[in-house]
1. I need 293, 133, 228 ordered by Cβ neighbour count within 10 Å, fewest first.
2. So for the pair residue 340, residue 200, with labels modelled 7 Å out along Cα→Cβ, what separation do we get in nm?
3. Testing the spin-label approximation: label points 7 Å from Cα along Cα→Cβ at residue 82 and residue 362. State their distance in nm.
4. Using θ = phi - 60° and the Karplus form 6.51 cos²θ - 1.76 cosθ + 1.60, what ³J(HN,Hα) does each residue of segment 247-253 get, whole Hz, x for Gly and Pro?
5. With r defined as the distance between the Cβ atoms of residue 420 and residue 322 and R0 fixed at 22 Å, what FRET efficiency is calculated, to the nearest 0.05?
6. What list do you get for 391, 378, 416 if you sort them by fewest beta carbons within 10 Å?
7. Report the net charge of residues surrounding residue 380, where surrounding means a beta-carbon distance below 14 angstrom and charges are Lys +1, Arg +1, Asp -1, Glu -1.
8. Going by how many other beta carbons lie within 10 Å of each one, how would you line up 178, 318, fewest first?
Amino acid sequence: MGFVAPAHSIRSGRLSGRPQKRLTDQRVSRRWSFLPSAPQRLRALADGNWRSSTTTTTTVPSRSSSAVKSAADVGTAALAWERLAFDFVPTSCYVKSVWRADTNSWSPVEEVHYGPHGEPVMPVHIASTALHYGQSVFEGLKAFACADRHVRLFRPRENAARLERSARRLNMPVVPPELFMEAVQRCVLRNCEYVPPYGAAGAGGSLYVRPLLFGSGGRIGLGPADEYTFLVLVTPVGNYYRGGLAPVTAYITTEYDRAAPRGVGHVKVAGNYAADLKPSMEAKARGYPINLYLDAREQRYVEEFGTSNFAGIRYLDERGDRYVYVTPWSESVLAGITNRTLMELTQLEGMAVEHRPVTLDELGHFDEVFATGTAVVITAVDQVVRGERVIPIGRTTGSGHVGPVAQRLYRQVRAIQTGEAPDPAHWTHLVI
């Protein structure tokens, strides 16, 4: 059983308690109700009025944490937005909270500013369980400057729920949903000048948000740490498709497996991505920008791309106005939030979704195939290579054109994220 950290009592401003078998979101919310709610704290933070006697904030004179941030600060960083890629760009600060075994509690969220020269570094115990045993899980989501001049996060509570699943699988203390939301919102708010402006001025960019939970306590024998750190960092990233959507060729990796049945493929564990580094680099060296994995047991079923979920589209008419959305089910596949969004949009259009095992033999029968993920939303695939065999996808193989369903779904997601379209499912979350 994994640790469940939060709890039955408030001690010195910390959320604390004993490990429980299960802890519902409702119970977490009740425990947090002893303190001001996360929205109340964030409003106070925006007004410059939030002060916690138990929170230690590291500051430097030029980056005061007491500075009031508002919508007018969004996009004011001295950056060439049109040149942003998907890389790390230092901002003003990150935020963190620390869980310790002796109190069984999470400390209040604190802001930690980068060094006097912007160094994005932090001290870590030389024997931390993250370094020695890979006890590290993370999330990825984005904040967007919207058409109405507000900044919104896209589906952050889904990320909070997935981080909880990942933590439980690696026997780590759970980050309560309200703590997750406070940390994410606070980090975006404090770095709002790094949110690329809405529209052409920001070149279609966004603020990438990376929540990270890792074993920071030292331990040489195999076992859980006595300390865990939850931090959130942000970095501005560019629009992956500045020149418009373009299809790619995917390479099926047969020399390696992404994840084993009953392993950790279904959760967002750092080691999953380390294991993909060599296969993905080998695919790129062969000229293929993305790689596709099959199931580890039989090498017969499609699982997912190296860093993205797989989706196949089967037309029910000539132009794809009516279609079926097919995505693999497997105990080794990560439940992608973007993929879930696309499935739900498909259902809102009245179309069918099939979440089931997908055989390799089906690949050539799809009218469209694409990878789905936070970084790009959709990457269209017009052919797949396995050894010497080339599997064409749909009717536009090699044409450089993206299918109509991928285009339509991509535009719909982007429009909701940036406030250009209604958000009937309430996927976006207002920050400022």
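1. On the way: 293 25, 133 16, 228 28.
Ranking 293, 133, 228 by Cβ neighbours within 10 Å, fewest first, gives 133, 293, 228.
2. 3.7
3. Taking the simple label geometry, residue 82 and residue 362 are separated by 4.4 nm.
4. Each residue's phi maps through the Karplus curve to give x, 10, 9, 9, 10, 7, 7 Hz.
5. On the way: r = 25 Å, r/R0 = 1.14.
That pair, residue 420 with residue 322, gives E of 0.30.
6. Working: 391 20, 378 27, 416 23.
Arranged by neighbour count, lowest to highest, 391, 378, 416 become 391, 416, 378.
7. Working: positive: 395, 408, 411; negative: 367, 368, 382.
Local net charge: 0.
8. On the way: 178 22, 318 7.
Lowest count first: 318, 178.
No lab work stands behind these numbers, since they all come straight from the coordinates. Treat the numbers as computed from the prediction; the structure is a model and nothing was measured. In this analysis, Cβ positions are derived from the backbone assuming ideal geometry, glycine residues included, and neighbour counts consider all displayed protein chains.
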